[in-house]
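Scroll down for the structure; my scribbles are underneath it.
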Amino acid sequence: MQRQTIITVLAGSILIAACIKEDVVKTAQEKKLVVAGQTLKFGGSYNVTRHSLKVSINGDPVIKEKFSDLNPAQNLNADYEGLRITSKCYFSSVLSKKGGFLEVAPRKVQSEKGRTGDECVILIDGKMAEKLYF
């Protein structure tokens, strides 16, 4: 009876361990910019597993968003110390993990449009400021 219990516990542990998926996170290279006398350090991370994005300024997370499984584009807004921050983000990896036709068709469209990476264009008060690549 004990042997059967041990085998059951081991099998359950192996099954649970196999189901746990480690998050894959891409980090953008930090970019510095001086705007209105302020030094701003833009950075961010993209959790590929969860399709979630964080954009930070001077270490403060100012934009947090999750991409839907079929929409690789997000236009996001935030305010930071009196500045209007807008990010226009496109993450091709949102579509490229589906497999089969759901992967081939989006890759073809993306490559024709020249959009094959994960990036956010940052605008400050409506003017292009920087690009973050993930």
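Figures for the structure shown
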read-out: Scan of the stretch 25-49 for residues that are open to solvent by 80 Å² or more (accessible area, probe 1.4 Å), out of contact with any Lys or Arg (no Cβ under 8 Å at 6 or more places or on another chain) and not aliphatic (A, V, I, L, M), ordered by number; value: Thr27, Gln29
read-out: Residues located in the stretch 69-85, provided they are open to solvent by 20 Å² or more (accessible area, probe 1.4 Å) and either in contact with a helix residue (DSSP H, G or I) (Cβ under 8 Å, 6 or more places away or on another chain) or among the hydrophobic types (A, V, I, L, M, F, W, C) (or both); value: Asp69, Leu70, Asn71, Ala73
read-out: For Glu22: the one exception among (1) at pLDDT 85 or above; (2) open to solvent by less than 60 Å² (accessible area, probe 1.4 Å); (3) not in a strand (DSSP E or B); value: (2)
read-out: Cross-chain or 6+ apart pairs with Cβ under 7 Å, the stretch 24-47 first and touching a residue at least 60 places away in the same chain (Cβ under 8 Å) and over 13 Å from Asp60 (Cβ atoms), then in a strand (DSSP E or B) and charged (D, E, K, R); value: Lys26/Asp118; Lys31/Glu130; Leu33/Glu130; Ser45/Lys26; Ser45/Lys54; Tyr46/Lys26; Tyr46/Asp118
read-out: Flag if Ser87 is of a type in the set (Ser, Thr, Tyr), in contact with a Cys (Cβ under 6 Å, 6 or more places away or on another chain) and at pLDDT 85 or above; value: yes
read-out: Verdict on Val34 being hydrophobic (A, V, I, L, M, F, W, C), over 15 Å from the mean Cα position of the chain (by Cα), modelled with pLDDT under 95 and part of a strand (DSSP E or B); value: yes
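The values are calculated or read from the model by the stated rules, or taken from the named source; none is laboratory data. Computed from a prediction, not measured in an experiment: that's the story for all the values here. Please note: Cβ atoms are built from the backbone with ideal geometry, for glycine as well, and neighbour counts cover all protein chains shown. Only protein heavy atoms, including side chains, enter the accessible area calculation; ligands, DNA and RNA are left aside. Shrake-Rupley method; radii C 1.70, N 1.55, O 1.52, S 1.80 Å.
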